[in-house]
1. Being surrounded by fewer than 18 Cβ atoms within 10 Å (Cβ to Cβ), at pLDDT below 95 and within 14 Å of DNA strand C (Cβ to nearest atom) is the requirement here; does B:Glu53 meet it?
2. May I ask you to say which residue of B:Leu119, B:Leu34 is facing chain A (nearest Cβ under 8 Å) and among the hydrophobic types (A, V, I, L, M, F, W, C)?
3. Suppose we filter B:Met48, B:Met16 for residues that are within 24 Å of B:Glu61 (Cα to Cα) and within 14 Å of DNA strand C (Cβ to nearest atom); which single one remains?
4. Kindly list the number of the only condition in (1) over 16 Å from A:Leu98 (Cα atoms); (2) surrounded by fewer than 17 Cβ atoms within 10 Å (Cβ to Cβ) that fails for B:Gln117.
5. A:Thr22 fails exactly one of the following numbered conditions: (1) out of contact with any Asp or Glu (no Cβ under 6 Å at 6 or more places or on another chain); (2) among the hydroxyl-bearing types (Ser, Thr, Tyr); (3) at pLDDT 95 or above. What is the number of that condition?
6. How about segment B:19-45: which of its residues are touching a residue at least 12 places away in the same chain (Cβ under 8 Å), within 15 Å of DNA strand C (Cβ to nearest atom) and in contact with a helix residue (DSSP H, G or I) (Cβ under 8 Å, 6 or more places away or on another chain)?
7. Just the residues that are away from chain B (no Cβ under 13 Å) and assigned to a helix (DSSP H, G or I), please, taken from segment A:16-31.
8. Residue under question is B:Arg38, and the condition is that it be closer than 18 Å to A:Met1 by Cβ and open to solvent by 50 Å² or more (accessible area, probe 1.4 Å); does it hold?
Protein chains: 2
Amino acid sequence: MRPKSDTLTGQELELMKVIWRTGRATVREVYEDLKTRRTIAYTSVQTMMNVLESKGHLRKEPGDRAQTYVPVRPQQTVVRSMVREFVDRVFDGSARPLLVHLLKEKGLTAAERKELQKLLDKEGE
Amino acid sequence: MRPKSDTLTGQELELMKVIWRTGRATVREVYEDLKTRRTIAYTSVQTMMNVLESKGHLRKEPGDRAQTYVPVRPQQTVVRSMVREFVDRVFDGSARPLLVHLLKEKGLTAAERKELQKLLDKEGE
DNA sequence: GGGCGCATACTAATTAATTAGTATTAACGA
DNA sequence: TCGTTAATACTAATTAATTAGTATGCGCCC
């Protein structure tokens with residue numbers, strides 16, 4: 001039996017990303033966005049958005065013609081909890097090995113390195 | 001319908017962690033380890049280990065009395081792919097925001113900071 | 001040999017999320 | 001008003017992983 005996910009699942013996150021990007025959206029708007037990338041039924045989007053609402057991630061507001069769905073929490077907050085859950089699950093709560101992993105991977109620009117250096121220099125920030 | 005997971009699911013990861021820790025294990029050994037932490041049936045462990053075998057994460061070897069399961073890939077390799085999948089999924093492939101997230105969280109010791117500084121200083125490592 | 005415990009193979013049920021169709025109502029434009 | 005499109009409510013089916021039981025075979029010890 002499938003355990004409940006503490007954090008956003010794959011599809012839930014896809015939908016939330018669309019809505020976070022625009023700030024608020026109707027089912028139709030999310031559907032139009034997603035269908036540019038893949039085949040999905042309008043009613044699938046509708047269902048998922050209602051699931052997200054019932055889970056407390058979205059709030060419904062009356063719109064001109066269609067209900068508008070608004071995120072309950074900012075993206076950063078939600079992503080933060082997802083990062084925490086990932087670190088707990090995969091690294092037993094310690095961020096250090098994850099940081100080491102990421103820094104050892106090529107892909108950071110010089111500017112990004114500088115920025116990260118700054119963050120590392122700040123004590124207790 | 002549940003999409004297939006590209007990476008280890010929650011329970012799969014729990015089992016793999018036990019086996020990575022010991023290097024190889026029988027169903028019984030994994031079962032004894034897990035049951036110290038939670039209620040689970042021996043046959044549940046058995047099933048999951050066979051699932052992991054069929055998925056290519058474990059290899060069966062004949063043992064003295066019980067078959068021994070051996071990881072096919074080292075933990076680091078598997079964890080690396082899980083990190084990649086996470087970054088792709090949550091951060092659209094860019095490690096930078098995840099690094100910023102992690103560095104802004106309190107929790108790193110001075111020694112850890114020093115270590116990370118070193119990694120940042122290394123060009124193209 | 002027999003009883004008991006363990007290992008293995010097989011089978012079945014459950015779950016949450018995912019996918020999407022149908023029916024009905026509402027809105028819009030001619 | 002009517003026809004068409006869109007929105008909403010509701011319903012149903014599917015999926016992969018998870019949980020675990022049953023039946024049988026094997027090993028050990030008395």
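The values are calculated or read from the model by the stated rules, or taken from the named source; none is laboratory data. Everything quoted here is computed from the prediction, not taken from an experiment. Using ideal geometry, Cβ is built from the backbone for each residue, glycine included, and neighbour counts are taken over all protein chains shown. Surface areas here come from the heavy atoms of the whole protein model, side chains and all, with no ligands, DNA or RNA. Shrake-Rupley method; radii C 1.70, N 1.55, O 1.52, S 1.80 Å.
1. In short, no.
2. That would be B:Leu119, the only listed residue that is facing chain A (nearest Cβ under 8 Å) and among the hydrophobic types (A, V, I, L, M, F, W, C).
3. Going through B:Met48, B:Met16 in turn, the sole match is B:Met48.
4. It is condition (1) that B:Gln117 fails.
5. Status for A:Thr22: all satisfied but (3).
6. B:Ile19, B:Ala25, B:Val27, B:Arg28, B:Val30, B:Tyr31, B:Asp33, B:Leu34, B:Tyr42, B:Val45
7. Going residue by residue through segment A:16-31, those that are away from chain B (no Cβ under 13 Å) are A:19, A:22-31.
Those that are away from chain B (no Cβ under 13 Å) and assigned to a helix (DSSP H, G or I): A:Ile19, A:Thr22, A:Val27, A:Arg28, A:Glu29, A:Val30, A:Tyr31.
8. In short, yes.
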